[in-house]
1. Taking the mean number of other Cβ atoms within 10 Å as a proxy for protection, how do you rank 198-209, 28-39 from highest to lowest?
2. For the range 117-242, what is the Kirkwood hydrodynamic radius in Å, using each pair of distinct C-alpha atoms?
3. Which residues in the range 223-258 have a backbone N closer than 14 Å to a point placed 7 Å from the Cα of residue 268 along the Cα-to-Cβ line?
4. Once you place label points 7 Å from the Cα toward the Cβ at residue 129 and residue 90, how far apart are they in nm?
5. Taking the number of other C-beta atoms within 10 Å as the exposure measure, put 171, 274 in order starting with the fewest.
6. When the scattering of the range 155-200 is computed by the Debye formula from its Cα atoms alone, each counted once and equally, what is log10 I(q)/I(0) at q = 0.20, 0.21 Å⁻¹?
7. Between residue 72 and residue 224, what length comes free when the chain is fully extended (0.36 nm per residue of separation minus the Cα-Cα distance, one decimal in nm)?
8. Please quote Rg/Rh for the range 183-296 to two decimal places, taking the Kirkwood radius as Rh and restricting both calculations to Cα atoms.
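Nothing in this text is a laboratory measurement; each read-out follows from the coordinates by a stated rule. None of these values were measured; they are calculated from a predicted model. Every residue, glycine as well, gets a Cβ built from its backbone with ideal geometry; the counts of neighbours run over all protein chains shown.
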């Protein structure tokens, strides 16, 4: 009898130990993904504030909103199914650890290069796991917004500048009869003009719009259907319109330029651009969620 009880107790302890090991392994995977995501963003934020020049309110709003939406989407994906926690293979953990080493390199772009590699790894390796694919997509979207979009913009800046200045000129003619253009310079007065430089482009806000759009879809657990892409198109048009309006409002005087470029106007534009990125896709998601189910 004692032997039977001993064997039963041993089996029970072994079973509990296995269950505990499984529990810790499963939750360790969730924590690993969250820590890697938050650590990468935190490292980039600290480097941006410590190593670069003082950030304007516009930059703070744009960067922090994009990163916040990305982290919220990742957290939502990990909590989407409480009964099925994500699991990581040894190769997955190795990729995360190697990528995390860039946190300590004094270059924020290197951080997002590592996140690109991690995102591509999970996107290609975990095709059968929608949750891991979604996390990989968010990592790639963050990397595009923070790194690859900026690199592409610098490479194609000359072509983008021609298109953007032409658009601003065509719209501006409707409001300023004497609007003149010379290269990247616009003017409505002989003694005052503005030059459209890289930081004035709508391109950066468009990559932020895509990141917010994808994050909201992941948080709402909605697929990217045609209606969602229409919402993305509306957001893109609104973001471009807001930036064009801001540039045109700088034209009348130096005081107007300072207000819309460095003053409270730049903060208003940043907030308006974020709202323009959020509202269309949020309306689309809410409309789809609130649709009544067809009667059977």
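1. Ranked by mean Cβ neighbours within 10 Å, highest first: 198-209, 28-39.
2. Answer for the range 117-242: a Kirkwood hydrodynamic radius of 16.9 Å.
3. 242-243, 245-251, 256-258
4. 1.7
5. 171, 274
6. -0.62, -0.68
7. Full extension from residue 72 to residue 224 adds 52.9 nm.
8. Reported Rg/Rh (Cα atoms, Kirkwood Rh): 1.15.
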